Amino acid sequence: MNNLIMNNLIIKNASQVVTCSGNKGKHGKEMSELHVIDNGTVIVTNGIITHVLKQGETIPVNEEYYEVIHAQDKALLPGFVDPHTHFIFGGYREEEFSWRMRGDSYMSIMNRGGGIINTTKATREATDEELFELGKQRLNEMLKLGITTVEGKSGYGLNMDTELKQLRVMKHLNQTHSMDVVSTFMGAHAVPPEWKDREDAFIDFNINEMFPIIAKEGLAECVDIFCEKNVFTHSANPRRYLTAARNHGFKLKIHADEMVSFGGAELAAELKVLSADHLLQASDEGIRAIAQNSVIATLLPLTAFSLREEYARGREMIDNNCIVALATDLNPGSCFSASSPLLFALACIYMHLSVEEAVTAFTINSAAAIDRADSIGSIDVGKQGDLILLQFPSYKFLPYHVGMNIVNTVIKKGNIIINN
Ligand code: NIG
Ligand code: FE
């Protein structure tokens, strides 16, 4: 490609420009408004959106310096933002899936040494190069599905070496891959065998030894914890772990109320964390508290589906004025999927979100869940030129064409990186 037109792109006459306009997470009713421009044109200059034009407005730049896409009959959206994944891991757990289908629960498999600990063994054994290569392949697949920014968590090392290995691999991928990767340190994902029955001491290890190194090396932006019965159980531990993380400058996330109602949403609200994730079993009080404290409720329908659990109460959360985001939760255990098409279908069919709410939840609100709502997640002047074109004229096809990938073109910082 000619140097002059790198990162310069005009997308002309898209049947819909679904702007999702805004620069912060949207609460409740605001999630229904997508600010669609019919037959609009978007211009990206040097990787940044510089113009969002209505039908008939003249193009105020010299087209010679731009690549041009004629987008009639295609809807243009912001690239999807996936704010919760565990995409760096060694090994697989296909046997556990079969056991679950036979009736075993996720927690019973974990309690007998499978689950996260199983993946931890395989991730400790994997080399940096292997993890990098696997990570690259997974990011490639996600890009094809329209995801242009992804959050990734560590938490399959549970010791110094492997946690740092996972975080360094993600940093390297962020530097070399088209995908933007936002890293989260999740040292408190499970208590590993060498710390068995010493949960307090393991939390101390994370606070005193892991946080300072990760902060110093700039290896993670956020810190997360699996706050769950029989995982991090002693209620004081999540509180002091997260408080210490905040003191090191990390943003906070919680895996909350996934399997049992455990006060996770309430704790998220008390600490005013950035996002509380899962929330399948969140209490009414917890839902009201996160709404009032603007904690983003990040819901993971693919996980509920894969675990055959009840879905989080997305409809009620929105009706209670929550900021709801969606994420895939790609990981080798509870949800080995990053299927954005299935995510839309499940969010609408089973969580009772409207199509508009689901689109908001996987663009501007999911950008807010990783504190990026000022730079991605909508088609607004000044934002990064991360865009997707659908092969249909309306965003309404996203859940309707159930489970099918309708992403035609993926644009990252004004460059076409996928053209199906
Ligand atoms: O988000 N629940 C904890 N963490 C992951 C699952 C991790 C695993 O099973 O490997 C989740 O569901
Ligand atoms: Fe998770």
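No lab work stands behind these numbers, since they all come straight from the coordinates. All values reported here derive from a predicted model rather than from experimental measurement. Heads up, the Cβs are rebuilt from the backbone with ideal geometry, glycines too, and the neighbour counts pull from every protein chain shown.
From the list GLY403, GLY382, pick out the single residue that is on the phi > 0 side of the Ramachandran plot, in contact with a Pro (Cβ under 8 Å, 6 or more places away or on another chain) and not polar (S, T, N, Q).
Sole residue among the options that is on the phi > 0 side of the Ramachandran plot, in contact with a Pro (Cβ under 8 Å, 6 or more places away or on another chain) and not polar (S, T, N, Q): GLY403.
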task = Give the residues of segment 230-267 that are part of a loop (DSSP other than H, G, I, E, B), under 14 Å from ASN206 (Cα atoms) and away from ligand 1 (no atom under 15 Å from the Cβ), sorted by residue number.
result = HIS248, PHE250
key: Considering residues of segment 349-365 that are buried (at least 23 other Cβ atoms within 10 Å of the Cβ) and over 14 Å from GLY28 (Cα atoms) only, the residue farthest from ligand 1 (Cβ to nearest atom)   = THR363
remark   = Inside segment 67-121, the number of residues satisfying the requirement of being part of a helix (DSSP H, G or I), among the hydroxyl-bearing types (Ser, Thr, Tyr), surrounded by fewer than 23 Cβ atoms within 10 Å (Cβ to Cβ) and touching a residue at least 12 places away in the same chain (Cβ under 8 Å) is 1
